[in-house]
Amino acid sequence: MTVTHLEKRDTVGRHSPRSSVIGRIFQNRYAGALISLVLVGAFLAVTQPVFLTWPNLMNIVKSNSVVFILALGATYVVISGAVDLSVASATAASAMVLGLLLLAGMPAPLAVVVAVLFGALLGAINGTLVSYFKISFFVVTLGTLSVFQSFALIVNDGASVSVFSTAGFKPINAFVNGSLGPFPKILVFDLVLLLLAGGILRYTAFGRALYAIGANPEAARLNGIDVRKVMLAVFIIAGLMAGLGSVVQVGRLTSASAEVDPTLLLTVLAAVLIGGTAFTGGEGGVFGTMIGVLFLGVIQNGLTLSGVSSFWQGMVSGLILIMAVWLGGLRQLLRRRRLSDTSKQH
Amino acid sequence: MTVVMLDPGSRAEALRDRSAVIVQLEGISKSFPGVRALGNVDLTIRAGEVHALTGENGSGKSTLSRVIAGLIQPDTGKIIIDGRESVVESPAHALDLGFVMISQELTLAPTLTVAENIFLGRLPRTRLGLVDWARLEVDATKALSRLGVHVSPHAIVSELSVELRQEVEIARALSSNARLLILDEATSSLSEAATARLLNLVRQERDAGMAILMITHRMPEIYAVASVATVLRDGRLIATVPLPETGEADLVRLMVGREISDFYGKREIPAGEKVLEVRDLCSPLGILKPTSLDVRRGEIVGVAGLVGSGKSEFGMVLGGAIPGTGSVKVDGRPVRLGDPRRTIGAGIGYVPDDRKASALLLVRSVAENFSLAWADRLSRAGILNTRLERSEVGDAIKRYRVATASAGASIATLSGGNQQKVILGRTFRRKPDVLVLSEPTRGIDVGAKSEIYRMLQDAAQDGAAVIVISSELPELLGICDRILVFFEGAVLAEFDRGEATEEAIAQVAVAGSRRQPQAKDLSGEPQ
């Protein structure tokens with residue numbers, strides 16, 4: 001008995017040989033993004049002296065915080081096998097709620113909590129429609145993309161809300177634009193969120209359920225996972241992140257914009273996918289998403305430093321997205337082929 | 001797609017020259033990174049002969065057949081076709097040579113009709129170059145009736161059952177006038193009746209001079225049609241033996257490389273108290289009619305029946321996979337139906353028949369596939385105890401003898417038998433009072449099957465009531481204490497271990513009666 005097992009192990013265990021550190025990095029799902037990030041960073045460090053300065057690097061962090069926060073939520077959604085197309089619209093809607101509350105004189109902590117919960121409520125609407133009304137996530141979030149966008153326009157008749165002079169803006173400004181020594185406060189906040197989001201994925205039953213549902217919803221259901229509840233929670237988390245993102249956005253812009261940032265949705269989803277989270281669900285993680293956000297942020301920063309017109313930035317990030325997913329698919333294809341060559345010999 | 005059409009003359013010639021060698025493989029080797037899939041394998045396929053290619057999962061059977069079908073190129077070795085050394089460059093080239101392979105994976109276009117699929121790529125044309133729909137229908141009807149399939153040529157493929165799709169695929173292969181037919185586990189998704197039809201057809205084609213290479217685990221099929229068998233193990237040629245002169249026990253021994261002294265390992269397990277009480281269980285949307293059943297601890301109850309007889313719905317309702325009506329009690333406590341969380345909580349462990357579609361997390365690790373079923377035991381207040389998970393998974397890998405490189409390896413790297421051990425193991429480890437297992441050994445090799453029969457009996461010995469739903473009668477006869485037979489949604493007969501025979505069960509399952517004599521017999525010659 002033991003003998004045959006050992007023999008089988010030779011044919012089955014063909015994944016182990018590559019165990020060097022570099023080999024392991026290459027096997028990671030976000031390897032491509034990480035390597036590209038290093039290469040682009042090295043190139044910029046050589047060609048643009050400003051690039052490697054502390055203020056510039058922190059500027060990259062600050063200007064990509066909204067994307068990063070939304071992308072954490074979007075990573076959860078994509079891991080579970082769905083997509084939330086409404087995140088950018090929900091951010092605009094929450095931002096308008098925050099702006100109007102601040103304008104009405106509400107104290108900052110309360111206004112922030114209400115705005116974040118409002119984002120969560122929008123997420124709950126998505127989640128309820130997907131989970132309990134059994135409508136495709138694509139249809140639901142495409143619909144709410146438009147609904148939330150419209151909401152943001154309706155509440156103040158299409159006008160943005162400048163909050164700069166409100167009493168509540170000061171603490172928000174201090175949080176979003178302030179520093180702790182050399183570090184922007186927002187960087188600390190982002191890192192805390194990253195650890196929290198990563199920890200939940202890795203060390204909780206909820207995180208496992210997310211991967212299981214993304215990998216095979218029927219298997220998850222048959223093994224006692226309440227798929228509908230988990231999916232509702234996933235969309236609420238995405239909405240909650242949109243609410244948080246709206247606070248940072250208002251802090252950075254000093255106003256709540258009634259217009260949805262047209263590149264936000266693409267950038268968020270691109271970061272998630274470039275970071276190695278598979279559109280097919282069940283695979284990926286937030287660390288990769290962070291790499292994806294940084295990569296897109298560095299590219300954008302490099303284009304700006306090089307004096308390239310901002311009109312080009314959309315083209316570059318769109319092409320990078322397609323290329324990254326193509327490369328990811330290629331990697332998967334190669335892996336599948338190796339697998340099927342070896343394990344399908346029955 | 002051009003196919004060499006064999007005119008009736010050359011077919012007759014082939015018939016005359018029955019021993020004509022169609023393909024001869026000499027010293028074929030093929031390695032993939034890290035693995036030697038084939039080492040120095042010889043194989044000779046003759047016209048008018050059914051050649052069984054057999055061996056455990058991972059033995060190299062499929063690799064060898066893919067070499068012949070032009071899907072992969074060997075590293076070394078010679079392929080001699082019609083006496084000349086040749087290279088099968090591509091699948092298209094294989095088709096030109098008249099080599100057609102039918103595998104488990106279906107390759108039909110789901111949105112097209114049956115007729116269009118049969119003649120896909122070679123639709124008959126009118127003189128104007130347009131599709132000749134009238135002729136297409138006639139030809140398709142002919143191809144289907146030759147196989148004995150009752151399906152309209154106008155039916156859309158996506159609306160057909162898996163079984164019918166497989167038969168359409170076979171009709172397509174045969175209508176292309178192949179001279180070598182490679183059946184790669186082609187019967188794995190067919191019911192007994194359809195398998196019998198296919199085997200009859202294989203006999204016909206064999207007698208008409210076609211060469212058939214049949215890759216299968218199923219002993220009854222091998223003995224029903226094959227006259228020679230080649231056994232591979234770990235990529236090496238073990239033996240080519242004549243059939244039926246070589247007995248089943250010898251063949252199995254060649255496959256696994258050891259004596260399986262008692263394949264089923266049936267133990268006498270004393271039945272305990274009644275633990276499962278089922279009354280008038282129905283699937284309101286499905287085909288299950290009111291069914292009642294009591295099972296005691298330690299009992300292993302088999303459930304037989306054709307595809308569509310309601311036997312798998314019975315398991316699905318019990319497992320909470322689909323809604324149902326009626327009453328189910330475990331240990332006297334009523335179970336709410338239609339919700340897997342409730343049935344699990346009530347002590348029912350259900351393993352569905354379709355591993356890939358409803359049991360495996362294919363992109364996740366072996367460890368996560370185990371712990372999927374253990375969330376409540378491994379976590380407290382939602383936080384996972386990863387150390388406990390590691391030790392539990394490590395124990396389970398050892399206990400259920402899962403051959404894997406590590407707990408962290410992707411489950412996709414495991415053979416079907418080892419994947420199934422993970423799925424059964426994670427369910428058994430929860431120590432349910434009632435186990436409902438649908439096709440627990442489908443598509444897995446002989447060695448793993450034997451281990452799974454042992455696992456089932458261990459669970460029964462630990463006090464579980466075990467229900468095994470299976471299309472493989474020999475395994476039901478081998479391990480069950482009694483066998484229920486479903487026919488058109490209801491249990492029509494129950495056999496005790498002593499009185500059950502394959503013929504008796506098949507008669508009920510196929511004809512719906514014990515008295516009607518016209519049972520399908522898998523192993524016999526055509527009537």
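The values are calculated or read from the model by the stated rules, or taken from the named source; none is laboratory data. Since the structure is predicted, the reported quantities are computational estimates derived from the model, not experimental observations. Counting neighbours? That spans all protein chains shown, and the Cβs are built from the backbone with ideal geometry, glycine included.
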Checklist (1) without any contact (Cβ under 8 Å) to a residue 12 or more places away in the chain; (2) surrounded by fewer than 24 Cβ atoms within 10 Å (Cβ to Cβ); (3) assigned to a helix (DSSP H, G or I); (4) at the interface with another protein chain (Cβ under 10 Å from one of its Cβ atoms) applied to A:Ala219, failing item: (2)
Within segment B:412-462, how many residues turn out to be part of a helix (DSSP H, G or I), under 18 Å from the mean Cα position of the chain (by Cα), within 12 Å of chain A (Cβ to nearest Cβ) and of a type in the set (Val, Ile, Thr)? 2
I'm checking my understanding of the structure. Among residues of segment B:290-317 that are basic (Lys, Arg) and buried (at least 21 other Cβ atoms within 10 Å of the Cβ), which one is nearest to the chain's Cα centre (by Cα)? B:Lys311
So which residues in segment A:33-73 are in a helix (DSSP H, G or I), over 20 Å from the mean Cα position of the chain (by Cα) and aromatic (Phe, Trp, Tyr)? A:Phe43, A:Trp54
Within segment B:463-474, considering residues that are in a loop (DSSP other than H, G, I, E, B) and farther than 12 Å from B:Gly349 by Cβ, the one farthest from the other protein chains (Cβ to nearest Cβ): B:Gly463
Which helices (runs of 4 or more DSSP H) does segment B:106-206 wholly contain that include 1 or more residues that are among the small types (Gly, Ala, Ser) and in contact (Cβ under 8 Å) with a residue 40 or more places away in the chain? B:162-175
Confirm whether B:Ile80 is surrounded by fewer than 16 Cβ atoms within 10 Å (Cβ to Cβ) and aliphatic (A, V, I, L, M). yes
In segment B:214-236, what residues are outside any helix (DSSP H, G or I) and over 17 Å from the mean Cα position of the chain (by Cα)? B:Ala226, B:Ser227, B:Val228, B:Ala229, B:Thr230, B:Val231, B:Leu232, B:Arg233, B:Asp234, B:Gly235, B:Arg236
Applying the selection to segment B:78-105, what residues are of a type in the set (A, V, I, L, M, F, W, C) and either more than 16 Å from B:Ser65 (Cα to Cα) or not in a loop (DSSP other than H, G, I, E, B) (or both)? B:Ile79, B:Ile80, B:Ile81, B:Ala92, B:Ala94, B:Leu95, B:Phe99, B:Val100, B:Met101, B:Ile102
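For segment B:342-375, what are the residues that are aliphatic (A, V, I, L, M), more than 7 Å from chain A (Cβ to nearest Cβ) and surrounded by 23 or more Cβ atoms within 10 Å (Cβ to Cβ)?
Taking segment B:342-375 as the starting set, the residues that turn out to be aliphatic (A, V, I, L, M) are B:344, B:346, B:348, B:351, B:357, B:359-363, B:366-367, B:372-373, B:375.
Narrowing further to those that are more than 7 Å from chain A (Cβ to nearest Cβ): B:346, B:348, B:351, B:366-367.
Listed by number, the residues that qualify are B:Ile348, B:Val351, B:Val366, B:Ala367.
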Reported set for segment B:264-289 where residues are surrounded by 14 or more Cβ atoms within 10 Å (Cβ to Cβ), over 26 Å from B:Asp331 (Cα atoms) and either at pLDDT below 80 or small (Gly, Ala, Ser) (or both) is B:Gly265, B:Gly286
Consider A:Ala258 against the criteria (1) in a helix (DSSP H, G or I); (2) modelled with pLDDT under 95; (3) not β-branched (Val, Ile, Thr): it satisfies all of them except one. Which criterion is unmet? (1)
Which numbered condition in (1) within 24 Å of B:Val491 (Cα to Cα); (2) within 14 Å of another protein chain (Cβ to nearest Cβ) is the only one that B:Cys282 fails? (2)
On the given criteria, is B:Gly247 under 22 Å from B:Tyr453 (Cβ atoms), surrounded by fewer than 19 Cβ atoms within 10 Å (Cβ to Cβ), small (Gly, Ala, Ser) and within 14 Å of another protein chain (Cβ to nearest Cβ)? no
All but one of (1) among the hydrophobic types (A, V, I, L, M, F, W, C); (2) over 22 Å from B:Tyr264 (Cβ atoms); (3) within 11 Å of chain A (Cβ to nearest Cβ); (4) crowded, with 19+ Cβ neighbours inside 10 Å hold for B:Ala409, so report the exception by its number. (4)
Considering only segment B:160-172, I want to know if a residue exists there that is crowded, with 18+ Cβ neighbours inside 10 Å, closer than 21 Å to B:Arg355 by Cβ and of a type in the set (A, V, I, L, M). no
Of the criteria (1) assigned to a helix (DSSP H, G or I); (2) away from every other protein chain (no Cβ under 14 Å), which one B:Thr63 fails: (2)
Just checking, how many residues over segment B:389-406 are within 10 Å of chain A (Cβ to nearest Cβ) and either touching a strand residue (DSSP E or B) at 6+ places or on another chain (Cβ under 6 Å) or not in a helix (DSSP H, G or I) (or both)? 6
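Name the single residue that is nearest to the other protein chains (Cβ to nearest Cβ) among those in segment B:376-388 being under 16 Å from A:Ile225 (Cα atoms) and exposed (fewer than 14 other Cβ atoms within 10 Å of the Cβ).
Among residues in segment B:376-388 that are under 16 Å from A:Ile225 (Cα atoms) and exposed (fewer than 14 other Cβ atoms within 10 Å of the Cβ), the one nearest to the other protein chains (Cβ to nearest Cβ) is B:Gly382.
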Mind checking whether some residue in segment A:280-292 is within 14 Å of chain B (Cβ to nearest Cβ), touching a helix residue (DSSP H, G or I) at 6+ places or on another chain (Cβ under 9 Å) and surrounded by fewer than 16 Cβ atoms within 10 Å (Cβ to Cβ)? yes
Could you figure out which of (1) at pLDDT below 95; (2) within 13 Å of chain B (Cβ to nearest Cβ) isn't true of A:Gln48? (2)
So, of the residues in segment B:321-341 that are crowded, with 20+ Cβ neighbours inside 10 Å and within 12 Å of chain A (Cβ to nearest Cβ), which turns out to be nearest to B:Leu288 (Cα to Cα)? B:Ala321
Odd one out for A:Tyr203 among (1) aromatic (Phe, Trp, Tyr); (2) within 14 Å of another protein chain (Cβ to nearest Cβ); (3) crowded, with 20+ Cβ neighbours inside 10 Å: (3)
Looking at segment B:22-52, which of its residues are closer than 15 Å to B:Ala208 by Cα and hydrophobic (A, V, I, L, M, F, W, C)? B:Ile22, B:Ala47, B:Val50
Filter segment A:107-142 down to the residues that are buried (at least 16 other Cβ atoms within 10 Å of the Cβ) and either modelled with pLDDT under 95 or of a type in the set (Gly, Ala, Ser) (or both) and list them by number. A:Ala108, A:Ala111, A:Ala115, A:Gly119, A:Ala120, A:Gly123, A:Ala124, A:Gly127, A:Ser131
